[in-house]
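Written out below as structure tokens is the structure these notes cover.
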């Protein structure tokens, strides 16, 4: 392929990569989803990349690239940067091909992912924790590769893109026909570019949808600017898609595809993670729940419009989630859905003030789930941080109206504010 590959070149490379990837993995399941089909009226299928040998689709691109290395390149070894999933793909490929590798992971990478990298790569892999974001770790990896080792990019390489594109080829074969809509999570754009390139040649009528976390929507920013641009801030919560700069190889491919792009609040992905767990029994990581999250219904949700009867394939891209994160996942979900609110309340320093708040302000189905009270000397009021879990999020305006009818003064803490991050 040329340095800047075309969609046709990537599509042909995907067909070759599809044969290559069978050396190390069986096709991941394509499963009909009753819940999302019922919500939308469409026939929704889940491409379960969370059930790959490394619990994400990233093995595909890493193995395709590394299996094509020359003997001299294999002897020199490889270097990669990853927030966790690509690292596991590289580690698996290192062990399978007998190649030594150094993997740079950001400091935000969950320990569960670090442990899996070590287990998959064994003695072939050295893990280095450096950089606060994927982009910082990527720069460190590029510098490390200047000694002659081969850099294995997470998304920004034609071979990686072709490997990721095998997801679309595989799903189409399993379905027996191309889907009407294919929904893909987006980080740096490798999966979107690879799948989109293959579909643009094999099934040009398939609607392509890319979904980014709102706190790391680098591809949407690139498409708006007409070139990759660095985001001023990246929310690393959806670590599998927390990329601050779209690739200079992936971007022109995605721009040529002109997919529908959606930015999903991280809280919405959390709500979908919980539904996937409770209903389907799927343990998805935040990035893994992005694609299905846009099929949710609710007044606060970013929604994907699909027509009843359409065939929709959503990629569950990864299941490498650290169980210790579930308390934060539940918190983000409740706040996003409006079921949990925080108030800074100034209680009068007099007997019965708290009782009045409980009796006159709270509704019958509301609970106080956090109360931090600090009494200051020589003050007529004492500030308290109060967390309230609502029985019905639509009842919050009525709660505020009841609060206004009392002498108690309060301020709602905006969950997007610096104050919220500091207090909560």
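The values are calculated or read from the model by the stated rules, or taken from the named source; none is laboratory data. Note that this is a predicted model, so its numbers are computed, not measured. Note: ideal-geometry Cβ built from the backbone for every residue, glycine included; neighbour counts use all protein chains shown.
What single numbered condition from (1) at pLDDT 95 or above; (2) surrounded by fewer than 24 Cβ atoms within 10 Å (Cβ to Cβ) fails to hold for residue 93?
Here residue 93 clears every test but (2).
In the same structural domain as residue 171 (by TED's automatic domain parsing), surrounded by fewer than 24 Cβ atoms within 10 Å (Cβ to Cβ) and within 17 Å of residue 88 (Cβ to Cβ): is that true of residue 24 in this structure? Don't jump to the end; show me each part of the working.
Values: in the same structural domain as residue 171 (by TED's automatic domain parsing): yes; surrounded by fewer than 24 Cβ atoms within 10 Å (Cβ to Cβ): yes; within 17 Å of residue 88 (Cβ to Cβ): yes.
Yes; evaluated as a whole, the condition is true for this residue.
Looking only at the range 132-144, how many residues end up being crowded, with 21+ Cβ neighbours inside 10 Å and either assigned by TED's automatic domain parsing to the domain that holds residue 233 or in contact with a strand residue (DSSP E or B) (Cβ under 8 Å, 6 or more places away or on another chain) (or both)?
4
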